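Undergrad: For reference, the structure I am asking about is given below.
What follows is calculated from the coordinates using simple rules that are stated; it is not laboratory data. As the structure is a prediction and not an experimental result, all values here were calculated from the model. When we count neighbours, we look across all protein chains shown, and the Cβ atoms used for this are built from the backbone with ideal geometry, even at glycine.
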Amino acid sequence: MPTPSSPFRIGSRGSPLALAQAELTIAALIAAHGWPREAIRIVTVTTSGDRIQDRALAEVGGKALWTKELDRALLDGEIDCSVHSMKDVETIRPESIRIAAMLPRAAVEDRLIGATSIEVLPQGAVIGTSSPRRAAQLKALRPDLQMTLLRGNVATRLARVEAGDIDATLLAAAGLDRLGLGGTGTAIPVEAMIPAVAQGAVGIECRADDARAQGLLDAINHGDTARCVRAERALLLSLGGTCHSPIAALARPAGADIHLRAQILSEDGSEQVTDEALLPGGDTDAAMALGARLLDHASPALRALFTR
């Protein structure tokens, strides 16, 4: 068992949301193993994504900006595991790192900040977002809306709306809930806006050769969440999308199977292709087949945003 002098070390970004997710992981480990709190230590790691706030992720390295420093700390033995928002984790991970557990998935939808609905936003309203998916889905619903880059932590984004710098933004409901801001904003039904791949899921990684850590983390793995996120990530892999590619997907348990609904969009939202499938036993090959079907039904211009 870890001890205060030899604690189990959890790597995390230093943002309030990342630390809240690390604390959820700690609570799960304590519940599963009966450890004292002082036997677990959070090691904060500043990532490139935290440092670079003035450009879109796709312009400066994509999702790796959130993971590469944590990966290095993990592989160098400075931490025993790392905690991530799964929607920020690259589709293809190094063979030396394993996704060992996922916590129970939280709310998956987005919340609109600054207005009570998308419909009541003023004509030509300025929406702050760094997400191609959100921008495309909003433009599909309201072509008159104007998009501007908005990055930073949750408090920063809320403050920009409060100051009137932008008219509105969208934030993940899960992040707001984890920060104690559950009453903030208006939930957008997933039927209107399918969420990002793995939205609401927290994943914990460890070294692939660390059997001890894998065993400890396996005890806190939430099976249904892991199955659904694996299906969504398999679809993402089949599409070959980048941080420029507007992709939405949501998998939900359906008995022993998984129901997967997905959407790809042009960057301006003028074209959308949506489809769904029942994945027998959560079969990831069936998820990849759904991705191929989306591309088959897309125009050449939309397919050009993706590579198979």
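Undergrad: Working from the alpha-carbon coordinates of the stretch 163-203, get Rg over Rh, Rh being the Kirkwood radius. Provide the component values of the computation, followed by the final result.
TA: Working: Rg = 11.7 Å, Rh = 11.8 Å.
We get a ratio of 0.99 for the stretch 163-203.
Undergrad: What does the highest-first list of 136-144, 206-214 look like by mean Cβ count within 10 Å?
TA: For the peptides 136-144, 206-214, the packing ranking is 136-144, 206-214.
Undergrad: Further question: Write down, largest first, the equivalent ellipsoid semi-axes of the chain in whole Å, where each equals the square root of 5 times an eigenvalue of the alpha-carbon gyration tensor.
TA: Those come to 32, 23, 17 Å.
Undergrad: Give the peptides 254-260, 198-204, 187-193 in descending order of average Cβ contacts within 10 Å, highest first.
TA: Details: 254-260: 16.0, 198-204: 26.1, 187-193: 14.3.
Sorting 254-260, 198-204, 187-193 by mean packing, highest first, produces 198-204, 254-260, 187-193.
Undergrad: So for the chain, taking the charge dipole from beta-carbon charges (+1 Lys/Arg, -1 Asp/Glu), which of ALA31, GLN146, ILE247 sits furthest toward the positive end?
TA: ALA31
Undergrad: For the stretch 110-187, report the convex hull volume of the alpha-carbon atoms normalised per residue, in Å³, without decimals.
TA: So the per-residue Cα hull volume is 79 Å³.
Undergrad: Still on this structure, please answer the following. Which whole number of Å³ per residue matches the convex hull of the alpha-carbon atoms in the stretch 183-296?
TA: In the stretch 183-296, the Cα hull volume divided by residue count equals 151 Å³.
Undergrad: How compact is the stretch 233-303 by the rule of thumb for globular proteins, expressed as Cα Rg over 2.2 N^0.38 Å?
TA: Working it through for the stretch 233-303, the quotient is 1.08.
Undergrad: Additional query: Specify the angular offset, from 0 to 90 degrees and rounded to the nearest 10, of the alpha carbon long axis of helix 64-75 from the longest principal axis of the alpha carbons in the chain.
TA: With both axes taken from Cα atoms, the answer is about 10 degrees.
Undergrad: Using only Cα atoms and rounding to the nearest 10 degrees, what angle (0 to 90) does helix 223-239 make with the longest principal axis of the chain?
TA: Tilt relative to the chain: about 50 degrees.
Undergrad: Where does helix 284-296 land angle-wise versus the long Cα axis of the chain, in degrees 0 to 90, nearest 10?
TA: Helix 284-296 and the main axis of the chain meet at about 20 degrees.
Undergrad: Might you report the magnitude of the Cβ-based charge dipole of the chain about its Cα centre, with Lys and Arg at +1 and Asp and Glu at -1, to the nearest 20 debye?
TA: Dipole of the chain, to the nearest 20 debye: 280 debye.
Undergrad: Enumerate the residues in the stretch 30-47 having an amide nitrogen under 17 Å from the point lying 7 Å beyond the Cα of ARG151 toward its Cβ.
TA: 46-47
Undergrad: With each run of n ≥ 4 DSSP H residues scored as -39500 (n - 2.57), what mean residue ellipticity at 222 nm is computed for the chain after dividing by its residue count and rounding to the nearest 500 deg cm²/dmol?
TA: Value at 222 nm, helices only: -10000 deg cm²/dmol.
Undergrad: On to the next question. What length, rounded to one decimal in nm, is gained on full extension from LEU141 through to THR186, with 0.36 nm per residue of separation minus their alpha-carbon distance?
TA: Length gained, LEU141 through THR186: 14.6 nm.
Undergrad: Let me ask something else about it. Determine the gain in length on full extension of the stretch ALA289-ALA31; use 0.36 nm per residue of separation and subtract their C-alpha separation, reporting nm with one decimal.
TA: Between ALA289 and ALA31, full extension yields an extra 89.0 nm.
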